[in-house]
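Notes to accompany the following structure.
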Amino acid sequence: MTSQRSYNKVKSAEEAFEDLKRHTKPYGIDDGLGMFYNPDLVDKFIEVISNSKTTMDNLRDAKEQADLKISYKVEEDQKRAHHDRQFILKGDVKNA
């Protein structure tokens, strides 16, 4: 959840913790998604990770880097789309 995947954006530690908690509740109860994980283990896991400053700092840094990469890609895609539109408007499609 906190690593970059092509099909999903990176989640912060807090967002990942919430997802884990939602998967420890029966479907439809308190936003539960189904009991995929043992609630006792999830609570202990979150406690251990949350109390590790180094781990939380690393997760925060990874999220920030992933967000920067996404922002950069969006900007580049917008520049490319603008560039392509300019050539199309000028009738120079072969150079687009």
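Among all positions in region 73-96, there is no residue which is open to solvent by less than 90 Å² (accessible area, probe 1.4 Å), closer than 18 Å to Arg5 by Cβ, among the acidic types (Asp, Glu) and out of contact with any Phe, Trp or Tyr (no Cβ under 8 Å at 6 or more places or on another chain). Evaluation of Lys53 against the conditions (1) open to solvent by less than 90 Å² (accessible area, probe 1.4 Å); (2) more than 23 Å from Arg5 (Cβ to Cβ) shows that the sole unmet condition is (1). Quick check on my filter: what residues within region 9-54 are part of a loop (DSSP other than H, G, I, E, B) and aromatic (Phe, Trp, Tyr)? Correct list: Tyr27, Phe36, Tyr37.
Would you mention how many residues in region 1-47 are hydroxyl-bearing (Ser, Thr, Tyr), without any contact (Cβ under 8 Å) to a residue 40 or more places away in the chain and within 21 Å of Ala62 (Cβ to Cβ)?
Narrowing region 1-47 to residues hydroxyl-bearing (Ser, Thr, Tyr): 2-3, 6-7, 12, 24, 27, 37.
Applying the additional criterion that residues be without any contact (Cβ under 8 Å) to a residue 40 or more places away in the chain yields 6-7, 24, 27, 37.
This time we only want the ones that are within 21 Å of Ala62 (Cβ to Cβ), so: 6-7.
Here the count works out to 2.
Residues in region 1-18 that are over 15 Å from Leu68 (Cα atoms) and either over 19 Å from the mean Cα position of the chain (by Cα) or at pLDDT 90 or above (or both): Ala13, Glu14, Glu15, Ala16, Phe17, Glu18.
The values are calculated or read from the model by the stated rules, or taken from the named source; none is laboratory data. Just so you know, these numbers come straight off a predicted model, no measurement behind them. Cβ sites come from the backbone with ideal geometry, for glycine too, and all protein chains shown count toward neighbours. In case anyone asks, the SASA skips ligands and DNA or RNA and just uses the protein heavy atoms, side chains included. Shrake-Rupley method; radii C 1.70, N 1.55, O 1.52, S 1.80 Å.
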